[in-house]
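Below is one structure; the comments refer to it alone.
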Amino acid sequence: MSGRRINMFVTATLYLLSQFVLCDGTGASENEEYAEIIGLSSSPLILGMSICALKADPGPCKALHTRYHFDIHTRRCELFNYGGCQGNENNFLTLDECQETCIVKDVPEKTKKLRLKNEKPSFCLLENDPGICRGLLSRYFYNKESQQCEKFQYGGCLGNQNNFKSLQECQNTCHDRVPSANSLKIDDDHLVFSTISNNSAPLIKQVVHQGERNSWKKTDHGCYIFLLAICTFIQMCFWELTGSLWIMHAG
């Protein structure tokens, strides 16, 4: 065997051995560090109201009014300068008002069982509107009183968004259902924040565990497989080297 091939085998073996240190928990510590950076290592953030997840918005006006808003990153009520008009509801005159609205200090034991709830789009609360045209199209709207999707006659133009071509579409949009990624509720007053589907809301990073790249290295079983692969590779290299030396000696 040439010296170049021997060097190649030795280099590959050393590389595989260096990768094996992932099994001693280094990978886990890196995950913990990443989780800490993006705020996943702490307990779930419980908000008094969903408006508390909105970013501070000074609005377009130029005044300088001292206000308070709840910051989901620091988990505290923080000062900001409000311009005096528009903005959003995460805007409080006093620190006490902000804290009373957004900070949940104690959740009663009887309400700690989580239940899923999806917030309806605001247009689901609108009255059915046939519009100004004279057509007779069968459509469905969500009735906020009966909390059911019901049929109505649509004229064919204008109206509002509480207007669906099928019963299934209406139910999928406006009925309570298991959410994809909106909110988890502890009770009717307290919201466990995950993500907000609002353009003015902050983007919260999430770690996806399933299908994570190289996740097999982070389990004990994966480490055993990895070790077996290294041993097999070293054994093959040894056989190759031994065979080459025997041929050279015989020659």
Taking segment 146-160 and the residues there that are touching a Pro at 6+ places or on another chain (Cβ under 8 Å) and modelled with pLDDT of 90 or more, the one that is farthest from residue 135 (Cα to Cα) would be 152
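Every residue in segment 126-146 that is surrounded by 12 or more Cβ atoms within 10 Å (Cβ to Cβ) and under 30 Å from residue 50 (Cα atoms), please.
Within segment 126-146, 126, 128, 129, 140, 141, 142, 143, 144 meet the criteria.
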Taking segment 136-155 as the region of interest, how many residues are under 17 Å from residue 166 (Cα atoms) and not in a strand (DSSP E or B)? 3
Yes/no for residue 85 being surrounded by 14 or more Cβ atoms within 10 Å (Cβ to Cβ) and either among the small types (Gly, Ala, Ser) or modelled with pLDDT of 90 or more (or both): no
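The values are calculated or read from the model by the stated rules, or taken from the named source; none is laboratory data. Because the structure is a prediction, the values reported are computed rather than measured. All Cβ positions, glycine included, derive from the backbone under ideal geometry; neighbour counts span all protein chains shown.
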